[in-house]
1. Which numbered condition trips up P136, out of (1) modelled with pLDDT of 95 or more; (2) surrounded by fewer than 21 Cβ atoms within 10 Å (Cβ to Cβ); (3) more than 24 Å from D203 (Cα to Cα); (4) not hydrophobic (A, V, I, L, M, F, W, C)?
2. Of the residues that make up region 133-150, is at least one over 18 Å from P47 (Cβ atoms), in contact (Cβ under 8 Å) with a residue 24 or more places away in the chain, in a strand (DSSP E or B) and not hydroxyl-bearing (S, T, Y)?
3. Would you check which residues across region 74-88 are over 14 Å from A51 (Cβ atoms) and either in contact with a Ser or Thr (Cβ under 6 Å, 6 or more places away or on another chain) or of a type in the set (S, T, Y) (or both) and list them?
4. In the set V45, V50, V55, which member is β-branched (V, I, T), under 17 Å from C189 (Cβ atoms) and either modelled with pLDDT of 90 or more or outside any loop (DSSP other than H, G, I, E, B) (or both)?
5. Select from region 109-122 the residues that are at pLDDT 95 or above and not in a helix (DSSP H, G or I) and write down the one among them that is nearest to Q139 (Cα to Cα).
6. With (1) surrounded by fewer than 18 Cβ atoms within 10 Å (Cβ to Cβ); (2) touching a residue at least 12 places away in the same chain (Cβ under 8 Å); (3) among the polar types (S, T, N, Q); (4) part of a loop (DSSP other than H, G, I, E, B) as the list, and T171 as the residue in question, which single condition is left unmet?
7. Please verify whether G72 is in contact (Cβ under 8 Å) with a residue 12 or more places away in the chain and assigned to a loop (DSSP other than H, G, I, E, B), treating the condition exactly as stated.
8. Is it true that A79 is buried (at least 24 other Cβ atoms within 10 Å of the Cβ), under 13 Å from the mean Cα position of the chain (by Cα) and over 23 Å from L116 (Cβ atoms)?
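The values are calculated or read from the model by the stated rules, or taken from the named source; none is laboratory data. Note that the structure is predicted; figures quoted are calculated from it, not measured. Backbone-built Cβ (ideal geometry, glycine too); neighbour counts: all protein chains shown.
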Amino acid sequence: MKKSVYARPKKPMFISVQQRSTRAIPKAPEIAEPLVIDTFSECHVTPEAVARRMVEYLGPTGDYNTLEPSAGTGALVSALLASGHSPSEITAIERHHKLASKVASLGVPVIQSCFLDYAEDAKGKVAFPRILMNPPFSQVRKHIKAALSLLGRNGHAEPATLVALVPITYTHEEADTLETLPVDTFSTCRVHTKIVRFKTSKD
């Protein structure tokens, strides 16, 4: 990853979003025993406030099947549930079996698989009108590309929407930058990140 990712921005940048009342965000499950997670997992837990704003950027809650491709400890899943998303409308992907079991304890379906493998198998068979993700930073382009291949309205009139937390160096001509986050957003590392959003009207 480029060194510029780890530089502090001159100032945070925010865009306003419409606030709506939400239930208290259910806490991601506590991990009682130490987890040995391989270094390639890059499990950077999304802070609660950031997760809440990412869900708001998805748009109004409705009967949208929503994909979380890198569920980790369940921070984004918890924020989705707090906003009113039904557990039956959320599909979480997490390859690490202990993390997957913790996310499943929130009551959502969890597929224990590498997301890239899942996306390859699911391409053309399923479309998600909402995708919320914090992908591994070293493979961000592969994961965003795979997620976009699964993004579609699936019968809804509104555009399909993908919101992702990515390194500041990530660019895509169809992505709108919504926020530039402080370099100390994550407690376990100092990394320069932002929130981006894609919208598409494709089926």
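1. The failed condition is (1).
2. Among the residues of region 133-150, not one is over 18 Å from P47 (Cβ atoms), in contact (Cβ under 8 Å) with a residue 24 or more places away in the chain, in a strand (DSSP E or B) and not hydroxyl-bearing (S, T, Y), which makes the answer no.
3. Hits for region 74-88 are G84, S86, S88.
4. None of the other options fit; the residue is V50.
5. Going through the qualifying residues, I end up with C114.
6. For T171, the exception is condition (2).
7. Yes, satisfied.
8. So A79 fits the description; yes.
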